Amino acid sequence: MSAELTRRSAAELAALLASGETSSVELTQAHLERIAEVDGEVAAFLHVDAEGALAQAAEADRRRAAGEDVRELTGVPIAVKDVVVTRGLPTTAGSKILEGWVPPYDATLVERIKAAGLPILGKTNMDEFAMGSSTEFSAFGPTRNPWDLTRIPGGSGGGSAAAVAAFEAPLAIGTDTGGSIRQPGAVTGTVGVKPTYGGISRYGLIAMASSLDQAGPVTRTVLDSALLHELVGGHDPRDATSLPEELPALAQAAREGAAGDLSGVRIGVITELDGDGYQEGVRARFHESVELLRGAGAEIVEVSCPSFDYALAAYYLIMPAEASSNLAKFDGMRFGLRVEPSEGPVTAERVMAATRGAGFGDEVKRRIILGTYALSAGYYDAYYGSAQKVRTLIQRDFAAAFDKADVLVSPTAPTTAFPLGSKLDDPLAMYLNDVATIPANLAGVPGISVPNGLAEDGLPTGFQVLAPARADDRVYRVGAALEALLEASWGGRLLDRAPDLEESK
Amino acid sequence: MTTTTTDLVPFEEATARYDTVLGIEVHVELGTRSKMFCPAPAVFGEEANTSVSPVSLGLPGALPVVNRSAVEFAIRIGLALNCQIAETCRFARKNYFYPDVPKNYQISQFDEPIAFDGWLDVELEDGSVFRVEIERAHLEEDAGKNTHVGGSTGRIHGAEYSLVDYNRAGIPLVEIVTRPIEGAGERAPEVARAYVQTLRDLFRALEVSEARMERGNVRADINVSLRPTPESPLGTRTETKNVNSFRSIERAVRFEVSRQAAVLDAGGSITQETRHFHEDTGQTTSGRVKSDADDYRYFPEPDLVPIAPSREWVEEIRASLPELPAARRRRLQGEWGFTDLEMRDVVNSGAIDILLATVEAGAAPAAARKWWMGELARTANEQGLALEELAVTPAQVAELQGLVDSGRINDKLARQVLAGVLAGEGSPEEVVVSRGLEVVSDDGPLLAAIDEALAAQPDIAEKIRGGNLGPVGAIIGAVMKATRGQADAGRVRELVLERVKG
Amino acid sequence: MPTLDRDEVARVAALARIDLSDAELDRLADELQVIVASVEKVSEVATPDVPATSHPLPLVNTMREDVPEAPLPVADVLAGAPEAEDGKFAVPQILGEDA
C-alpha cells in the first residue's frame, strides 16, 4: 500500500484522504520511507524534516476529523525548493554562504501551505541561488535524474523535479526565473508551471532576478499543479508586484481541458523556438504533440517572434544585473557565513570580500561580475538599459502573437537530460538550455511544461504552452488536454516508464 | 604627531576676491508611524534592534512595500517648496556596501523623483529675502546606526570594531536638493543657515517631522565652491558632512570659503571630495577618498511599482496644507500692526509663538511685544535662558498688562510685579497683593503728599499759577517718591493743578 | 567596444566585494569575454525609439497604509548573527567611516 501511495497523484491522494482510506500520517510516513530508500542516490533533498512533517500530518488528520477548515489538498505532503524561506528549517539557496542559516520567518507561500495543512517533507536541492540549468552548481553536490542517475535533472530546480519524478513527494514548489521549473520538468518527465509574473507571492523567495522570479508548482499531473497553484497563489500585500486581482479558476480549467476537446482554440507554433539547436527527438515529439492537438479540434497557426532571437542575450544582462544587487546582502555581517581574510587587517570591507569569495560558487561569481559590470557607470545604457528595451520588443512580439493565437507552444528545452559534467566547461552552452523558456520570464506571461514523450535516447521531452499574462487558465486547459490525449495513447503515465530506482541500488 | 595647520584666507577677503556658490542637501526624517518600506514601528531611542522586520533587516527573501503616508508627507513638502509633483515617479536602487545598509543597497529615487523644480524664499536677519531654487525632493530610506568601538588611534588588529543597530534602518527620509545657490556673496554663511532653519520651520508647520537637528531628524550636507567671478564657470565643489547645528552650518561655510580661497591663491586646485566638519575646531577635514563611491549603479527598483499620485490626491493634500510660516508671519504682522523692523525683531528672537499666546490671552500686540522684547528679553539674556524658559507665562504677561490697563498698577510698578512673578512669588495679582504694589486710588494720601511737596517749595505754586507748567513734573516726582511709585501720575497731575489753582 | 579584460574583472570584483584568486581572475576574464561579446547583440535592436521596460506587468500605486506591526523579536533578529554584543551586530572595523 505504501508503495502504491507514493505513485498516486496529489488529487488522487486527496480523494483517499477525503474518503478516509488513508491518513496524512500514513501518507507522510510512506513518503519519508521512499525518501530514505532512494534519496541516497537521487539526492533531491538538502534537508528532510521527518519530525516536523509527521507532526504537521497529525495535525492535518485532527483537522479533518474535526471538520475544521479542510481544503482539497489538506494532508498531502509537499517538498519545497531551498530558495524559499521556511521558519525553523535551514534554508541555503544551495549555497555555502547560507549553510546552516535558519530563517526567522516564513515565505507567504509557505504560510499558505501551512495554513492549509500540507506537511512539508523538506527542502530540495538547486543550483546555487537558482543560477543554473542542471543543479550541478549546488554547493552541496548535484541531484541526479531518476530516469538516468548519470544525467542531470535540469535546473535550477532539479531537486524538486527529481523528488516528484522519483515519487519522493507528490507535490513540490519550485521557482522559475528563466526556466528553472519548466526545464527540469521537461527533462524529468514531470509537470512544471511558471505563473503570470505576480501570480504567486515572491515574499520569502530568496531573490535572484526580481523582475523575472516566480514560484510555481512542480507535480506529476497538470491537475495537481492547478490545485497547488490555486492554494499558494493570489494577491499578497507584502509583495508590491503581486497581482491585485483573484486568480482565474485553474483546477476547473485543467478538468475541462482533460475532456480533450480543443475546438475553437487557436494554437500558435513559434517559428524561432524550433529548428537547429533542438535535438531530433525533441522536435519529433513536439510536432507529434502539435498534431495531437490539431486532432482534438485546435487550429494550428505559425507565429513569428523575431525578437526572441535576442531574448537570451537580454536575459543574461537583466538577470545578472538584478542578481548582483540582490546578492549584495550576503556579506557575513548579519547572517550566514563569515570568513576573515587570511592575512592583513580585518576590516568590514575585507571580511565581506573574503566571505563572498569563499562562500559563492563559480557560476554565482560569474553572474555577479557580469551583472555589476552591466550596471557600471558608463556601461548602463549599452548593456542593462538596452536589454530592458529588448524586453519591450519581446512583449510586443508576444502581444502580436496572441492576437493570432490563444496559446503559443514550443518544445520546453532544446535537449533531453545531458550527462552530469558535460557542459560545465562551457557556460554559453549551459545558457542555451533556457532559450525556449526565457522569453516568458522577460514578458511575464505564464507557461507550463507537460511531459510529451521520450526522445530517441529514451529520455523525457517536454511540451511548453504559453498564454497571455493573467490567462493562466489557458495553459492548464491546453496542458491538461495534451496530457489526457497522450496518456490515452500511452495507456498510462510517462513516468510509469521510468526505471525503478530500487533496482538500481 | 604633528598637525598641519590649514592655510586660510580671512573670510571677508576671500569673498571679496572669489564668488561663492553653495549647494545644500537636506535630509529630513519623516514622522510616520511605520517605516518607509515595511511595517516595523518607526521609533527613536529604543533598545537596539527592537524595531526591525525581515525587510528592514535586509533578510533574504524580504520585499519592500511603499508607505502611503510617507508619500503624502513628501508631497506636502514638495507643495510647500513650490515644486511640481511628478505625474509618475519611481524608486531606484543605489548600490553600495556598508554594514549599516542592510541590503547593501539603499532604495531611493534617481531620475524620477516625487517633486522637482521648486523654490523657497528665505528671510534673512535684515529682512531681505533670498530665493533658493530647489532642484528636487525625493523619498528614500535611512540606514542603521554604527557605534564605533575601540581606540581611535592605532590600528591594532582586532582592537576596533563596530556595533550596528538597525532600528533606524528603513525610516523614511525626504532628501531636498538645491540648485547651485548663487549671488549670496559674503552672506553665504547666513543664507545657508537661514535656508536650513526655514526648512526646519516648514517641516514642523507641515507636521511631517519633529525636525530636531540635534536629534538627527534634519541633516544638512553643505557643498561649497569658489570661482573668480560670477560669470566664470562653476568651480570644483567639496561636500561637507557632519554639520549638526545651524551655527555649524555657518561656520562650515565660512571655513570652506577661507580654505578654498587659500588653496586657489596658492595656485592649487580643489579636490572634489567629501569633508567632515569638526564642532570643536570649526574646521573641515578631508574624508577618506572612496574610489568606487560614485559608482552606485543605479537601476529602477524591480520590487516596487511606480507611484503615480493622482492630481485629485495632490489637490486634496494642497488644500489640507496648514498656513506656512512665511505666510503666517505676514498675516500676524498685519494683524498686530507691527512695522517691518518690529516684526523682524520678533522673528529673529524666535518670539512669534510666545507673542501669539500672549495676545490670545488678552493682551494687545504692542503690549505683548513691549514686555517680551523689552524687559523679559533683557532678563532672559542676563540669565542665559530662552524666552520660553523664563518663569513667567504668556497668560501671566497678559494678566500683568491687564492690571496696567485697568489702572491698578502703573508701568513702573508692573516691572516690580514682573520681578516678583519671575521670582516665583505667584501670579501678577498675587504679587500685587502680597507686595502691596497697587496704585494708590484714594485721593487723600495723594493730596497729603501734594501739600507736603508744595509746602516744601512755596514758590512753585506761584509759578504754576503763572502759567508755567514745567515745575508740575517736580511735584509729581516728589509725590511718586513719597508714595513709593504707587501713584497714578496722571491723577497726581490733575490734583496738583486743582490744588494750586485752587 | 569595452572589453572585460583581467584588470577590468579585478576592478569589478572589488566593486562587488568578491575576493578572487589569480586563477579565478584569469578564468573569469576568459569566460566573461565570450559572454559579453554575445550579449552586445542587444544593442543591435535596442534603438532610441524603443522604450525600456523595467517591470513585466504595468502595475502602479501599490502602497500600504501607515500601520505599524509587531517587529521581529530581538532574539530572532540576532539569531543568525555571526557575532553580536549588547543586542547589536558586531562587525569588523569599518574603514572610510563617517563618524
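Within 10 Å of the Cβ of each residue in A:201-210, the mean number of Cβ atoms contributed by other protein chains is 4. Annotation for B:Ala16 and B:Asn468: the two label points, set 7 Å from Cα along the Cα-Cβ direction, are 5.8 nm apart.
Averaged over the residues of peptide A:148-161, the number of Cβ atoms from other protein chains lying within 10 Å of each residue's Cβ is 0. Assuming a ≥ b ≥ c are the square roots of the Cα gyration tensor eigenvalues, decide whether segment A:345-422 counts as rounded (a/c under 1.5), prolate (otherwise, with a/b larger than b/c) or oblate. Oblate shape, in that a/c is at least 1.5 and b/c is the bigger or equal ratio.
Taking only the C-alpha atoms of chain C, Rg followed by Dmax gives 22.3, 56 Å. Of all complete DSSP H helices in chain A, those with a Cα span along the helix axis of 18 Å or greater and a mean Kyte-Doolittle hydropathy of -1.0 or more are A:24-42, A:50-66, A:280-295, A:311-326, A:362-375, A:386-404, A:472-490. Assuming a ≥ b ≥ c are the square roots of the Cα gyration tensor eigenvalues, decide whether segment B:63-157 counts as rounded (a/c under 1.5), prolate (otherwise, with a/b larger than b/c) or oblate. The shape class here is oblate. Peptides B:423-431, A:279-287 ranked from most to least packed give A:279-287, B:423-431, packing being the mean of other C-beta atoms within 10 angstrom over each peptide's residues. Between A:Ser263 and A:Asp500, the FRET efficiency from the beta-carbon distance, with R0 = 41 Å, is close to 0.55. Placing R0 at 25 angstrom, the Cβ-Cβ distance between C:Asp7 and C:Arg27 gives a FRET efficiency of 0.95 after rounding to 0.05. With both labels modelled 7 Å from their Cα along Cα-to-Cβ, the A:Arg396 to A:Ser489 distance reads 3.8 nm. Compared with the direct C-alpha span, the chain from B:Asp294 to B:Gln383 gains 27.1 nm at full extension, assuming 0.36 nm per residue. Taking 22 Å as the limit for the C-alpha separation, the pairs B:Lys103/B:Lys145; B:Lys412/B:Lys481; A:Lys123/A:Lys423 exceed it in the case of A:Lys123/A:Lys423. Highest mean packing comes first when the peptides B:406-413, A:133-140, B:439-446, A:180-187 are listed by Cβ atoms within 10 Å, giving A:180-187, A:133-140, B:406-413, B:439-446. Each peptide in B:275-282, B:319-326, A:103-110, A:171-178 gets a packing score, the mean of other Cβ atoms within 10 Å over its residues, and the list from highest to lowest is A:171-178, A:103-110, B:275-282, B:319-326.
Note on C:Ala70 and A:Ala115: with the Förster distance fixed at 30 Å, the Cβ-Cβ geometry gives a FRET efficiency of about 0.95.
Inter-chain Cβ neighbour count for A:314-325, averaged per residue, equals 4 (cutoff 10 Å, partner chain atoms only).
Classify segment A:64-126 as rounded, prolate or oblate from the Cα gyration tensor: take a ≥ b ≥ c as the square roots of its eigenvalues, call it rounded if a/c is under 1.5, otherwise prolate when a/b beats b/c and oblate if not. Cα axes put segment A:64-126 in the prolate bin.
Each value in this text was obtained by applying a stated rule to the coordinates, not by laboratory testing. On a predicted model such as this, the values are computed, not experimentally measured, just so you know. Neighbour counts are summed over all protein chains in view; Cβ atoms, including those assigned to glycine, are modelled from backbone coordinates with ideal geometry.
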